[in-house]
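For reference, the structure is listed below as structure tokens.
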Amino acid sequence: MVFWDKLLQRRKEEKRFTDSIKDNPKKKYRPYFSLLTDDERIRAIKYISPITELAQVQNIQLAYGVRIENETLLIINNKIVREKNTDTGETLYHRHFIIMRGTSCGKAYYTSDNEQEEGKLTYFVPDAFAEPVKAAMDFYRNRSAHKVFEKACREQKPGIDVTIIIKATRALLFEQYKNSVNEQKKQNMQSESVSQPQPTVEKKVPKKVHKGPDPVAMLNREKEYVLRLCSRLEAKYGKAEFGAPAAEGEISQWEEENQVVLPEDLKEWLKFSGASKLKGIPLEFYPIAQFRKEQDYVVIGKRENAQIGFSIENGRYLAVENEKRRNLGQMETILRFWGYDAKELFAEEELEALRPVIEEHTMQMNQAKQKANMSLSVKDAMEYFFARNTIGSLKKWRSFPKCPVRKELVDCGLVISEPDRDGYYQWKPVEQTIPVDFTGIESKLGFNLHPDIKAFVSSYYYFMLDADIKDAGINIYPFLPTVNVGKYLMDRFEKESYAGDYAFILNGHFFQLGGACIDGDDSYILEVNNETGEVLAVEYMDKKHIKIADSLYDLFMNAKPGWYEG
């Protein structure tokens, strides 16, 4: 189907869906739990596999959704992606979902500034999906009952009857709903009842209970790092200025006079220093007497040309410059931004200290390139790629490559450092020393493995790899010492045919290497043709493929690792 036909078809489907909503503007969306059917599960796995490991999706069972008359949206919890802004240092968490409606699949995710599913949510869905998807995601985020159901579905222990759990969960939700309705009716009856006038008693406003990470604790942790960084900056940029702590009475008096409640972490900072000036990258917090109320926010300081303040409505911090606003989150985030920028003032010194290490890896890279050019070996090409990957990271971040590591994998042999403040570990690839016997594996597969694939899975252990080649961004799934090579290979070969019009796509003969993003479309699977050794980016939904490299050797020799320049 040509592009315009597909576009018109998509718009037609979205219009039909939107019209069904407009026809009944008072429609209520009823959240529910559901298990995927086999057909839905297969389609979900095909759709989701380019952006996660196949082993993680083989056990997909759970779906959340909302029912709209005769249509059903299934929302499948996929994964959390942790993103660190290299310019600001802010860490965001994107919780990904797969949305299925009929035979169509789509994506959605929300963004939060912490991993505990709290904070302001941002939805990215088609307009026709917006209202029902929001209802379902709010249901997923705010209900606790789903945890029992989700755990049971994932464990699938003997003796567990999921249908019973579904009924029990729905009964629990209905009970909660009934109680909330009865409580609302009771409140309405009380408010409508006529009685003798009673003396008004001022009610105390209940204090909001913060869910998720404690902003005061986060501030104090960041404050310790800031103080150490200030000491390091002192010789070059002057001593940081920290004024006398603000008194509790001074803080409460300002709140009473201005009818504004200060955020708890700001109060904590004022109790540490009533006024402060950080050097290097100038950041200043005013004394409380100089706080200034604007339209809907309070100015509390400045950073270079931007005013720093907090929202009167929700207590979240913001930077205002030339009437443009930028959300900053919490006080800890403001200090963290400053810390990342201030640390860059020492970039040249840190890079100079790492010069011998960079020179050593540069020599290894040149030797690996020369060796690979002579041998045409996949293993030597991988060694060349790893050397460039390390050099790029050392020059850009003054560290070896980093990644978040699960607790059970910290001691797998690849990690070479303690975690940094963001929970990221430095790592190095490790050469394999124990030969792999492919005889039994090939017998189970029912065909012989291509020599390049054999070399690939018997050369090195490593974490996730990111690179660019031609016009594609690719990622190669991690291969760890803890993996069972036989199971790994069985999982990585496609179990279903491509269902396209290309004769060379053979059932079960494509090795899944990772994912690819081409022209902004990240739904491609990076695969190796077991017969030819070619590396292809395959898009199963639209039945198309793009050749990425002639071989794995070609891929590792020509792909440019992230951050590598040269």
Exercise. Given the structure, is residue 548 assigned by TED's automatic domain parsing to the domain that holds residue 367 and modelled with pLDDT under 90?
Worked result: no
Problem set entry | Residue satisfying condition, being part of a loop (DSSP other than H, G, I, E, B) and surrounded by fewer than 18 Cβ atoms within 10 Å (Cβ to Cβ), within set 468, 437 | 437
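Yes/no per residue for (1) in the same structural domain as residue 557 (by TED's automatic domain parsing); (2) in contact with a Lys or Arg (Cβ under 9 Å, 6 or more places away or on another chain); (3) farther than 27 Å from residue 361 by Cβ:
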| site | (1), (2), (3) |
| --- | --- |
| 391 | yes, no, no |
| 394 | yes, no, no |
| 401 | yes, yes, no |
| 419 | yes, no, no |
| 441 | yes, no, yes |
| 482 | yes, no, no |
| 490 | yes, yes, yes |
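Residue by residue, here is whether (1) modelled with pLDDT of 90 or more; (2) hydroxyl-bearing (Ser, Thr, Tyr); (3) within 28 Å of residue 302 (Cα to Cα) holds:
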| position | (1), (2), (3) |
| --- | --- |
| 168 | no, no, no |
| 182 | no, no, no |
| 193 | no, yes, no |
| 205 | no, no, no |
| 210 | no, no, yes |
| 235 | no, no, yes |
| 240 | yes, no, yes |
Problem set entry | Residues within segment 440-456 that are in a loop (DSSP other than H, G, I, E, B) and β-branched (Val, Ile, Thr), tallied | 0
Problem set entry | Selected residue (criterion: modelled with the lowest pLDDT) from residues of segment 329-377 that are among the hydroxyl-bearing types (Ser, Thr, Tyr) and part of a helix (DSSP H, G or I) | 340
Problem set entry | Matching residues in segment 222-245 - criterion: being part of a helix (DSSP H, G or I) and crowded, with 16+ Cβ neighbours inside 10 Å | 222, 223, 226, 229, 230, 233, 237
For this session: For segment 478-494, indicate whether the set of residues that are modelled with pLDDT of 90 or more, touching a helix residue (DSSP H, G or I) at 6+ places or on another chain (Cβ under 7 Å) and among the aromatic types (Phe, Trp, Tyr) is non-empty.
Result: no
Seminar exercise, completed: When segment 368-417 is checked residue by residue, the ones that are surrounded by 15 or more Cβ atoms within 10 Å (Cβ to Cβ) and of a type in the set (Val, Ile, Thr) are 378, 390, 391, 405, 415
For this session: Kindly list the number of the only condition in (1) more than 13 Å from residue 398 (Cβ to Cβ); (2) part of a helix (DSSP H, G or I); (3) out of contact with any Asp or Glu (no Cβ under 9 Å at 6 or more places or on another chain) that fails for residue 326.
Result: (2)
For this session: Return yes or no: is residue 267 at pLDDT 90 or above, under 34 Å from the mean Cα position of the chain (by Cα) and assigned by TED's automatic domain parsing to the domain that holds residue 335?
Result: yes
For this session: Could you check how many residues of segment 253-278 are within 24 Å of residue 295 (Cβ to Cβ) and assigned to a helix (DSSP H, G or I)?
Result: 12
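Okay, residues lined up against (1) acidic (Asp, Glu); (2) more than 28 Å from the chain's Cα centre (by Cα):
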residue: 522; (1), (2): yes, no
residue: 525; (1), (2): no, no
residue: 530; (1), (2): no, yes
residue: 535; (1), (2): no, no
residue: 538; (1), (2): no, no
residue: 544; (1), (2): no, no
residue: 550; (1), (2): yes, yes
residue: 555; (1), (2): no, no
residue: 562; (1), (2): no, no
Seminar exercise, completed: Exactly one of 469, 474, 441 is under 30 Å from residue 524 (Cα atoms), at pLDDT below 95 and in contact with an Asp or Glu (Cβ under 8 Å, 6 or more places away or on another chain), and that one is 474
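Rundown of residues vs (1) under 21 Å from residue 533 (Cβ atoms); (2) of a type in the set (Val, Ile, Thr), yes/no style:
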{"site": "426", "(1), (2)": "no, no"}
{"site": "432", "(1), (2)": "yes, no"}
{"site": "447", "(1), (2)": "yes, no"}
{"site": "454", "(1), (2)": "yes, no"}
{"site": "465", "(1), (2)": "yes, no"}
{"site": "474", "(1), (2)": "yes, yes"}
{"site": "487", "(1), (2)": "no, no"}
{"site": "490", "(1), (2)": "yes, no"}
{"site": "493", "(1), (2)": "yes, no"}
For this session: Evaluate the following for residue 265: is it crowded, with 16+ Cβ neighbours inside 10 Å, more than 28 Å from residue 398 (Cβ to Cβ) and touching a residue at least 60 places away in the same chain (Cβ under 8 Å)?
Result: yes
Seminar exercise, completed: If you go through 312, 300, the only one that is in contact with a strand residue (DSSP E or B) (Cβ under 7 Å, 6 or more places away or on another chain), surrounded by fewer than 18 Cβ atoms within 10 Å (Cβ to Cβ) and under 23 Å from residue 216 (Cβ atoms) is 312
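The values are calculated or read from the model by the stated rules, or taken from the named source; none is laboratory data. No experiment lies behind these values; they were computed from the predicted model shown. Reconstructed Cβ throughout: ideal geometry from the backbone, glycine too, with neighbour counts over all protein chains shown.
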